[in-house]
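The values are calculated or read from the model by the stated rules, or taken from the named source; none is laboratory data. Everything numeric in this text was worked out from a predicted model, so none of it was measured. Here Cβ is always computed from backbone atoms with ideal geometry, including for glycine, and neighbour counts include all displayed protein chains.
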Amino acid sequence: MARSPGYVIIKSSIPRVIAEEAAESVLQSPLIQKHEKYTEHKVPNICMKMKDDFMNVVDRSTIASLMDPKPVPKGPNDLFAGQFHETNAEPTKLKTAQKDQVYATIALTDLSPSNGWYTFYEDSHSRTRPLSTLVAPNLKAGDAMVWRGDLVYIHSSGGGGVFLTLVFQ
């Protein structure tokens with residue numbers, strides 16, 4: 001299999017107006033837990049429907065290409081919704097999520113490093129040092145980024161962006 005950057009961006013995976021409505025619902029939902037970079041909220045019903053809509057429109061080969069060699073499950077194993085909060089950016093503090101998972105993060109508001117979205121090291125899942133190109137994806141509300149859990153990223157200092165993440169294992 002050819003090397004990939006470790007992520008795929010899907011433009012307009014969900015209509016913008018629905019994503020923005022979901023963002024409002026997330027912010028009105030009860031808080032579950034404050035994590036290092038975001039505050040997790042209870043997943044509202046509109047996001048449950050959004051998960052189903054996303055699974056109906058996404059090309060499963062997109063997820064499969066990032067899960068290789070594991071098969072793609074029929075649906076996500078988990079999902080969570082949250083809002084990024086401001087933190088001190090520490091560019092030397094490298095992060096990864098769970099190595100055996102693939103995430104589909106749907107932007108419910110526009111997402112960029114200025115409002116909390118991560119900055120990723122492209123292709124870092126398949127190499128050791130030196131790390132490759134640093135990319136700061138800018139997602140519009142409704143766009144999605146499907147990314148490997150072993151992709152190296154850093155936190156930005158911004159906050160305020162709202163998202164829904166589907167977890168595949």
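Are there any pairs with C-beta distances below 6 angstrom linking a residue in region 94-121 that is farther than 15 Å from D143 by Cβ to a residue that is crowded, with 24+ Cβ neighbours inside 10 Å and among the polar types (S, T, N, Q), with the two at least 6 apart or on different chains, and if so which?
Listed pairs, sorted by first residue: none to list.
Condition first: within 19 Å of G149 (Cβ to Cβ) and of a type in the set (A, V, I, L, M, F, W, C). Now tell me which residues in region 1-36 satisfy that.
Selection gives M1, V8, I9, I10.
Does region 140-169 hold any residues that are among the aliphatic types (A, V, I, L, M), in contact with a Gly (Cβ under 9 Å, 6 or more places away or on another chain) and either in a strand (DSSP E or B) or farther than 30 Å from P71 by Cβ (or both), and which are they?
Result: V162, L164, L166, V167.
Would a scan of region 122-136 turn up a residue that is buried (at least 23 other Cβ atoms within 10 Å of the Cβ), part of a strand (DSSP E or B) and in contact (Cβ under 8 Å) with a residue 24 or more places away in the chain?
No.
Just checking: which of the helices (runs of 4 or more DSSP H) contained wholly in region 1-107 hold 1 or more residues that are exposed (fewer than 14 other Cβ atoms within 10 Å of the Cβ) and touching a Lys or Arg at 6+ places or on another chain (Cβ under 9 Å)?
On the way: elements: 16-28, 45-57, 60-67.
The helices (runs of 4 or more DSSP H) meeting that bar number zero.
Six or more apart or on different chains, Cβ under 6 Å: which pairs go from a residue in region 53-80 that's over 15 Å from S13 (Cβ atoms) to one that's in a loop (DSSP other than H, G, I, E, B) and among the polar types (S, T, N, Q)? Could you list them?
From residues that are over 15 Å from S13 (Cβ atoms), the pairs are N77/Q169.
Which residues, taken from region 20-41, are touching a residue at least 24 places away in the same chain (Cβ under 8 Å) and more than 23 Å from H155 (Cβ to Cβ)?
E20, E21, A22, S29 - these are the residues of region 20-41 that are touching a residue at least 24 places away in the same chain (Cβ under 8 Å) and more than 23 Å from H155 (Cβ to Cβ).
Which condition from (1) modelled with pLDDT of 85 or more; (2) on the phi > 0 side of the Ramachandran plot is the one that L108 breaks?
So the condition that L108 fails would be (2).
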